Amino acid sequence: MNTVVQGPKFIVAKGEGVWLWDDSGDRYLDGTASLWYCNVGHGRREIADAVYRQMTQLEAYTVYGDFANVPALQLSERLAAHAPVADPRIILTCGGGESIETAAKLARRYFAAQGRPERVHLISRTGGYHGLHGIGTGIIGMDRFRDGFGPLVEDASVVPHDSAAALEAEILRVGPEKVAAFFAEPVIGAGGVYPPTPEYFASVAEICRRHGVLFIVDSVICGFARMGNWFGIERFGVCPDMIVFAKGVSSGYLPLGGVVAAGAIAEPFWDRPGNPFHHGTTYAGHPACSAAAMANLDILEREDLFTVALEVETYLDAAMRTLEDHPLVREVRSGTGVMAAVELTEEALVDRGIRTADVFAEARARGVILRAVPRALLVSPPLVITWEQIEHLVATLRAALDAVAAR
Ligand SMILES: Cc1ncc(COP(=O)(O)O)c(C=O)c1O
């Protein structure tokens, strides 16, 4: 914040496909789809038209109690039809963090309704990012987001992201009868793009099932074709108890997120009188946001961006790996979904004091937007990116690395 406050703002004025323009008219390749969300690319008029039509019909109305609206119902049915969850039910929210709160509260409330109110412990993974609301901050796997806020969610712990055995050991340490849920992203995104080993998800799903722990997949980044399917987790052949989604569901044209919950989790609230799940927000089930999501999903399906994404994934992987020979680069992580990380060496980061923000700035000055996290540069372009644009992105990233190395 202190750095930003001293300089001019980077004002984004216009977007079209993978391109952005600033307020001086300079053009940039959006190498991050904004914050991992603009899957269909910028400037899709049909989404704006769908929102306009909905807003002139009914701009907004609550979905509390028995209130409903057509776009929210249509969207819920469409998502349920594709969700790899048993007897799926949908809760709509305004974003990812709000959905994490909803899923965590639902997990605890479900166990309370089963007469097991002591099952409250939440387990997440190192590098896992689950938004910055209250519970999300409490379960995040990156210390820098937790510090300075005083006491956070008690009864939460973090396990190494790549070890199913560590999850089981933690469940046994806490006591399975006290653990409510385990949270995992299909590929860790904001924490630095860490794909799982091929067997990881089958193992953790089995461990959760065996100990009666709810398995909650956070597909906020991985959903809606970024991994070639609807929710990312299909890739690993497992069926979670809940899925949290946001971002690509509407490509960010309007804010929307939600939770898919297995019917068995909804059952105590729907089937028993006097036992509601007391939770909800003002804008849940917003009809204009739902209309934006429906138009966005139309594009994903019509242009088969699910298949396109798998091709982009392969091409992006090959292109990014050409950076492995760069002297500043320790590791390239890519090849599972349309996302990649270029991690800098210890020598660059520590001995030479090079900041990833420097590489980010050099790339942006050359017309490519990347994302800088403490040790790596991240890439997650819109799924409509072409091969030439991928080449341009990677060549610019190399030029930015060269420029920083030459300082
Ligand atoms: C995996 C994951 N979960 C949750 C969130 C939080 O979403 P939001 O920023 O919409 O609250 C994010 C945001 O980047 C995310 O990447």
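Worth a mention:
- Accessible area of the range 128-229 belonging to carbon and sulfur atoms, whole % at 1.4 Å probe: 56
- Amide H contacts of N39 (H built 1.01 Å from N, under 5 Å, at least 5 apart or other chain): S251
- Cβ crowding within 10 Å averaged over residues, with 389-397, 205-213, 186-194 ranked highest first: 186-194, 389-397, 205-213
- The amide H of V373, built 1.01 Å from its N in the peptide plane, has L378 as neighbours under 5 Å, considering only residues 5 or more places off or on other chains.
- Centre separation in Å (Cα based) which lies between the range 122-174 and the range 1-59: 32
- The range 98-154: relative contact order in percent, alpha carbon pairs under 8 Å with at least 6 residues between: 28
- Taking all protein chains into account, the per residue accessible area for the range 46-302 stands at 40 Å² (1.4 Å probe).
- Beta bridges from DSSP with both residues in the chain: antiparallel share about 65 percent, rounded to the nearest 5.
- Ellipticity estimate at 222 nm from DSSP helix runs (n ≥ 4, -39,500 (n - 2.57)) divided over the chain, nearest 500: -11500 deg cm²/dmol
- The order of the peptides 325-338, 44-57 by mean Cβ neighbours within 10 Å, most packed first, is 325-338, 44-57.
- All-pairs Cα distance distribution in the range 216-322, expressed in whole percent, bin size 5 Å: 2, 11, 16, 19, 19, 15, 9, 5, 3, 1, 1, 0, 0
- Karplus 3J(HN,Hα) series, Hz, for the range 50-58 with 6.51 cos²θ - 1.76 cosθ + 1.60 (x for Gly, Pro): 4, 5, 4, 4, 5, 6, 7, 8, 7
- Structure remark: mean-square fluctuation, Gaussian network model of the chain, C-alpha springs under 10 Å; the largest value among N39, N229, N69 belongs to N69.
- Under 5 Å from the amide H of I188 lie the amide H atoms of Y194, each residue being 5 or more positions distant or on a separate chain, with H modelled from the backbone and absent for Pro and chain starts.
- Relative contact order, percent, the range 46-302 [alpha-carbon distance under 8 Å, six or more residues apart]: 30
- Normalised by the number of residues in the range 213-259, the average gap of Cα pairs under 8 Å and 6 or more apart makes the relative contact order 38 percent.
- Per-residue ³J(HN,Hα) for the range 274-291, Karplus 6.51 cos²θ - 1.76 cosθ + 1.60, θ = phi - 60°, Hz, x for Gly and Pro: x, 9, x, 8, 6, 7, x, 10, 3, 9, 4, x, 4, x, 5, 5, 5, 5
- GNM result for the chain, Cα springs below 10 Å: residue of F182, F306, F149 fluctuating most strongly: F149
- Cα gyration tensor category, rounded, prolate or oblate, for the range 103-255 with a/c compared to 1.5: rounded
- Cα gyration tensor shape of the chain, rounded if a/c is under 1.5, else prolate or oblate by comparing a/b with b/c: oblate
- Gaussian network model of the chain, Cα within-10 Å springs - most flexible of P240, P84, P198: P198
- In order through the range 6-11: 3J(HN,Hα) via Karplus (6.51 cos²θ - 1.76 cosθ + 1.60), integer Hz, x for Gly, Pro: 7, x, x, 7, 8, 9
- Global form of the range 279-407, assessed from the alpha-carbon gyration tensor, a/c cut-off 1.5: prolate
The values are calculated or read from the model by the stated rules, or taken from the named source; none is laboratory data. Bear in mind that the values here come from a model prediction, so they are computed numbers and not experimental data. Reconstructed Cβ throughout: ideal geometry from the backbone, glycine too, with neighbour counts over all protein chains shown. Accessible surface areas use protein heavy atoms only, side chains included; no ligands, DNA or RNA. Shrake-Rupley method; radii C 1.70, N 1.55, O 1.52, S 1.80 Å.
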